[in-house]
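Here's the structure, in C-alpha cells; my notes come after.
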Amino acid sequence: MLNPVSEPIIEKILPALRSVVVQELDNRGYNQDEIAEMMDLTQPAVSQYLNRRRGNQIEAIRSYDDLRDKALDIASLISQSSYGEVEDAYKEFCYALIEKDDFEEIVDYDRSFFVDL
C-alpha cells in the first residue's frame with residue numbers, strides 16, 4: 001500500500017499545529033469568533049482545539065523548540081493578516097518536521113511503506 005509522507009502530517013500533525021496556533025491566538029486576546037475567521041475554521045472547531053478535543057498530538061510540536069517556534073511564527077503571521085506568508089511558513093514547518101530523526105515515531109509512520117517514484 002502506498003502511504004505518502006503527507007498523509008500522516010495531514011491526519012495527525014496539522015490538527016496539532018492548528019491547536020498550537022489557536023491557543024497562541026487565544027493567549028494574544030483574540031476571541032473564538034475572531035480566531036475562527038482568521039483561520040477559516042468554525043467557532044466550534046476553535047473551541048475543540050482550545051479544549052484539546054482536537055489536535056491531541058500537540059506535545060509532538062511542543063517538545064521541539066524549533067517546531068514550537070515555527071508554530072508561533074504562523075500564529076504571528078495569521079494575527080498580522082500576512083496570509084501570503086502563511087503557506088510558506090506551513091511548508092517550512094512540515095519540512096522541519098520531516099527532517100526530525102524520530103519523524104516516524106512522531107507521526108506513527110513507517111517509511112518502508114513509502115515508494116519513491
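The values are calculated or read from the model by the stated rules, or taken from the named source; none is laboratory data. All of these numbers come straight from a predicted model, not from anything done at the bench. Cβ placement follows ideal geometry from the backbone for every residue including glycine, while neighbour counts extend to all protein chains displayed.
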Out of Ser6, Ser19, sole residue that is at negative phi, in contact with a Phe, Trp or Tyr (Cβ under 7 Å, 6 or more places away or on another chain), of a type in the set (Gly, Ala, Ser) and modelled with pLDDT under 95: Ser19
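Could you check segment 31-58 and list, in sequence order, the residues that are touching a residue at least 40 places away in the same chain (Cβ under 8 Å) and at negative phi?
Start the filter on segment 31-58 by keeping residues that are touching a residue at least 40 places away in the same chain (Cβ under 8 Å), which leaves 38, 55-58.
Of everything in segment 31-58, those that are touching a residue at least 40 places away in the same chain (Cβ under 8 Å) and at negative phi turn out to be Met38, Asn56, Gln57, Ile58.
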task: Check segment 14-21 and report whether any residue there is surrounded by 19 or more Cβ atoms within 10 Å (Cβ to Cβ) and either among the polar types (S, T, N, Q) or touching a strand residue (DSSP E or B) at 6+ places or on another chain (Cβ under 9 Å) (or both).
output: yes
- request: Out of Gly29, Gly84, report the one residue that is surrounded by fewer than 13 Cβ atoms within 10 Å (Cβ to Cβ) and either among the acidic types (Asp, Glu) or not in a helix (DSSP H, G or I) (or both).
  value: Gly29
